[in-house]
Amino acid sequence: MQKHLKHVSAVILSLFLIFASVPAIAATPSTGNDSTLDPISQGTGSAILDNASYFGDLPDSTSITVDIILKASNEVQLQKYIDQTVDPGSKNYHKYLTVKQFRDSFGASSQSVKDLTEYLKNYQIDSKVYPDNLVVTATGTVGDFNKALSVNVQKAKYKGKTFHATKKGPKAPRYIARHVLAILGLSDYSSLTPNAVKQPMKLTSNAGTGPLNLDPADLIKQYNVGPLYDKGYTGKGQTIDIVTLANFNPEDAYEFWKEEGITTKPGRINVKPIDGGSDYNGYEETSLDVEQSGALAPQADINVYVGPNTDPGFVDAFASAINENEASQISVSWGLSETAIAAGVQQQIEDPAYAQVFNQLFEQAASQGISMFASAGDAGAYDATRDTGTYNLAVDNPADSPYITAAGGTTLPWSYTTRTGVNIDVTKERAWGWDYLYPYFDSLGLNNPDGWLNYYFVGGGGGFSTIFKTPDFQKGVSGVNRFTAVEQWQPSSDFSSVTRPATPQLVTGSGTGRNLPDVSLNADPYTGYKVYLSDPGEPGTNAGYVTFGGTSVVSPQLAGLTALMNSDREAPIGFWNDQIYRFAKGYNSPFHPLNSAGSDNDNLFFTGTPGTIYNQSTGLGTIDFTKLDQAFSNR
């Protein structure tokens, strides 16, 4: 049930735009501590701001909150230290940093923070500095910010949305601007929207074996989790953090665990509104995340960081969770395609530093021993169809960060005969891609452009990042940067449309960049998991079960299972990615590669390559969690 942060207006992107490099993130530092005013990036730029209708200044007395993101220092050394914390041969193995230690070694310097906060104070702007010295939340009046940052915040309207913005970009003295990665919040323009994945066609039970409506017990059996409970693992002493952008009914989660017969720790859910919290738009996602993660680690506490549906809200939710440092595992199920980021950067409606803002927070988390998980997307290899409406190959952010484990999706075996006479027969666990449902959709008359976008482009996210290079942990792994694919669609030259060949072709090729996903579990809504829901904000009203799927089911499940494995450890498992690729190459791997090639095992493009241990449809494959727990335990 992947959520989509950004909805960029459907634009026709040229081949250059789609695959152009994202502009350099860090500016070359200036020399000297002078007061020359230098421009600073802001999250919303001229493509929106130049075309908006401005209808008056926002009153100077209006209070606003702005995030100023500072650049991390010594990033190369930070990345080396992260590697050492999960290397049994290193003297720094499992020597995770405290937040203070991170700040002192890798946060922005105390002097640069002092310079910034004192400068803001001169304009009566209050500052909250997060403990990592990376995120500064500044609160003041519009008049104060207009003076401090040489802007003019006004009322504006764009495509029916009313917001405040500054058409003129912010500036600050050079000795401050050189340390700033981005400013978010001078505009509160946002088009973040949720997009839950349910079964689009309700299939009533017949003589087949599906659709499936699964319980946590089914996952426990499917992926060999049972022996961990037999050893006494419960998640006791652990905390799971859920980062989300929608409120929910905690009562639904308690009722779900009760009806599932799962004995849980009382009062375990702690809802933490960030920057005022959010509304209930997308509450199904938050409910799912809490119910699934908590079911698998029944004695763990759960912190739910609910941020507003904005860029600053998303940043602050992560910054709060990572700086409070209460959990050893964090899950997020919201994202947007890299194409949306690239298009936004090119059109100046998104900051070039957008991906890096999150990546440096995830680096901090890894150094502190926190395992991070993100859903890889629910549009198969065509992630951009969900936000830009284009048909280029694309992957999802923030799952593209090398410092988060990208959760992919599979379909479990099931069979069914539809009312139109189509036989559905999935005989083995496969990569999740709804091409196996194409004959059924065709029989319903959906084989047209509208039907394609709404029904045909659904599956587990995967492919190659155009923002992040191939990380060291993926290098030398068979299947990485090589692929086998099923060409089921032929995009137009500008990616604004597709045609469907009569016969799909099997092709091979190579790619570069961070490969996604890392691992996969069942995510298909037709073999999905039950979620208990009542009306938003009205616990118990119209309550009942709904079946959901999506890679956002997998991300919280991985967080819950990590909490389960961590419950019997002196030190947390820490950063997964360095370790799991090493395990996959070793003896008695805990992973089951889904490496058969063809249209019975693809995510609408990428499929397996026989003899390899990695592919871009399911990553390293599915997981035997008893073996994985043993691998994490072996030094």
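The values are calculated or read from the model by the stated rules, or taken from the named source; none is laboratory data. For clarity, every value in this text was computed on a predicted model and none was experimentally measured. No Cβ is skipped: glycine too gets one built from the backbone with ideal geometry, and neighbour counts run over all protein chains shown. Note: accessible area is taken over every heavy atom of the protein model, side chains too, but ligands, DNA and RNA are not part of it. Shrake-Rupley method; radii C 1.70, N 1.55, O 1.52, S 1.80 Å.
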Looking at this structure, is Asp115 modelled with pLDDT of 95 or more, open to solvent by 40 Å² or more (accessible area, probe 1.4 Å) and among the acidic types (Asp, Glu)?
-> no
Taking into account only those residues within segment 271-288 that are touching a helix residue (DSSP H, G or I) at 6+ places or on another chain (Cβ under 9 Å) and polar (S, T, N, Q), which is nearest to Tyr305 (Cα to Cα)?
-> Ser278
Scan segment 323-344 for residues that are more than 15 Å from the chain's Cα centre (by Cα) and modelled with pLDDT of 95 or more and jot them down.
-> Asn323, Glu324, Asn325, Glu326, Ala327, Ser328
Can you name every residue in segment 60-105 that is of a type in the set (D, E, K, R), free of Cβ contacts under 8 Å to residues at least 60 places away in the same chain and either touching a Lys or Arg at 6+ places or on another chain (Cβ under 9 Å) or assigned to a loop (DSSP other than H, G, I, E, B) (or both)?
-> Lys91, Lys95
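With respect to Gln348, is the statement that it is modelled with pLDDT under 95, open to solvent by 10 Å² or more (accessible area, probe 1.4 Å), of a type outside the set (Asp, Glu) and touching a Ser or Thr at 6+ places or on another chain (Cβ under 6 Å) true? Before the answer, list the steps.
Values: modelled with pLDDT under 95: yes; open to solvent by 10 Å² or more (accessible area, probe 1.4 Å): yes; of a type outside the set (Asp, Glu): yes; touching a Ser or Thr at 6+ places or on another chain (Cβ under 6 Å): yes.
Judged against the criteria, Gln348 is a match.
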When segment 457-488 is examined, which residues are found to be within 20 Å of Ser337 (Cβ to Cβ), open to solvent by less than 10 Å² (accessible area, probe 1.4 Å) and either more than 22 Å from the chain's Cα centre (by Cα) or of a type in the set (Lys, Arg) (or both)?
-> Ala485
Would you check if Phe248 is buried (at least 16 other Cβ atoms within 10 Å of the Cβ), modelled with pLDDT of 95 or more, within 28 Å of Pro398 (Cα to Cα) and among the aromatic types (Phe, Trp, Tyr)?
-> yes
Apart from one, (1) within 30 Å of the chain's Cα centre (by Cα); (2) at pLDDT below 95; (3) over 16 Å from Asp67 (Cα atoms) all hold for Thr139; the odd one out is (3)
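Scan segment 87-96 and tell me whether some residue there is among the polar types (S, T, N, Q) and in contact with a Gly (Cβ under 8 Å, 6 or more places away or on another chain). Show your work before the answer.
Step one: filter segment 87-96 for residues among the polar types (S, T, N, Q), giving 90, 92.
The next check asks that each one be in contact with a Gly (Cβ under 8 Å, 6 or more places away or on another chain); those that pass are none.
No: zero hits.
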Sole miss for Tyr581 among (1) farther than 24 Å from Phe464 by Cβ; (2) within 23 Å of the chain's Cα centre (by Cα); (3) not in a strand (DSSP E or B) is condition (1)
For segment 581-592, what are the residues that are buried (at least 18 other Cβ atoms within 10 Å of the Cβ), touching a helix residue (DSSP H, G or I) at 6+ places or on another chain (Cβ under 8 Å) and more than 17 Å from Asn522 (Cα to Cα)?
-> Tyr581, Phe583, Ser589
Given the conditions (1) modelled with pLDDT of 95 or more; (2) closer than 25 Å to Glu429 by Cα, report the number of the one that Gly208 does not fulfil.
-> (1)
Could you look through segment 597-633, keep only residues that are free of Cβ contacts under 8 Å to residues at least 60 places away in the same chain and in contact with a Pro (Cβ under 9 Å, 6 or more places away or on another chain), and pick out the one that is least open to solvent (accessible area, probe 1.4 Å)?
-> Ala631
Checked against (1) surrounded by 14 or more Cβ atoms within 10 Å (Cβ to Cβ); (2) part of a helix (DSSP H, G or I), Asn454 satisfies every condition except (1)
Name the residues in segment 52-111 that are among the hydrophobic types (A, V, I, L, M, F, W, C) and either open to solvent by 40 Å² or more (accessible area, probe 1.4 Å) or farther than 29 Å from Gly185 by Cα (or both), would you?
-> Phe55, Val76, Ile82, Val86, Leu97
Does segment 121-160 hold any residues that are among the hydroxyl-bearing types (Ser, Thr, Tyr) and surrounded by fewer than 17 Cβ atoms within 10 Å (Cβ to Cβ), and which are they?
-> Tyr123, Thr139, Ser150
Reported set for segment 108-139 where residues are touching a residue at least 12 places away in the same chain (Cβ under 8 Å), in a helix (DSSP H, G or I) and either touching a strand residue (DSSP E or B) at 6+ places or on another chain (Cβ under 9 Å) or among the aliphatic types (A, V, I, L, M) (or both) is Ser112, Val113, Asp115, Leu116, Thr117, Tyr119, Leu120
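Identify, from the list Ile580, Ile613, Ile623, the residue that is over 29 Å from Tyr233 (Cα atoms) and among the aliphatic types (A, V, I, L, M).
On the way: Ile580 fails: over 29 Å from Tyr233 (Cα atoms); Ile623 fails: over 29 Å from Tyr233 (Cα atoms).
Exactly one of Ile580, Ile613, Ile623 is over 29 Å from Tyr233 (Cα atoms) and among the aliphatic types (A, V, I, L, M), namely Ile613.
Tally up the residues in segment 292-322 that are aromatic (Phe, Trp, Tyr) and at pLDDT below 95, please.
Filtering segment 292-322 down to residues aromatic (Phe, Trp, Tyr) leaves 305, 314, 318.
Subset that is at pLDDT below 95: 314.
Result for segment 292-322: 1.
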Taking segment 568-578 as the search range and keeping residues that are modelled with pLDDT of 95 or more and out of contact with any helix residue (DSSP H, G or I) (no Cβ under 6 Å at 6 or more places or on another chain), which one is least open to solvent (accessible area, probe 1.4 Å)?
-> Trp576
Listing of helices (runs of 4 or more DSSP H) fully contained in segment 276-360 that carry 2 or more residues being touching a residue at least 60 places away in the same chain (Cβ under 8 Å), outside the structural domain of Ala374 (by the TED database) and touching a His at 6+ places or on another chain (Cβ under 7 Å) | none
Restricting attention to segment 144-196, report how many residues are under 24 Å from Asp57 (Cβ atoms), modelled with pLDDT of 85 or more and of a type in the set (Phe, Trp, Tyr).
-> 1
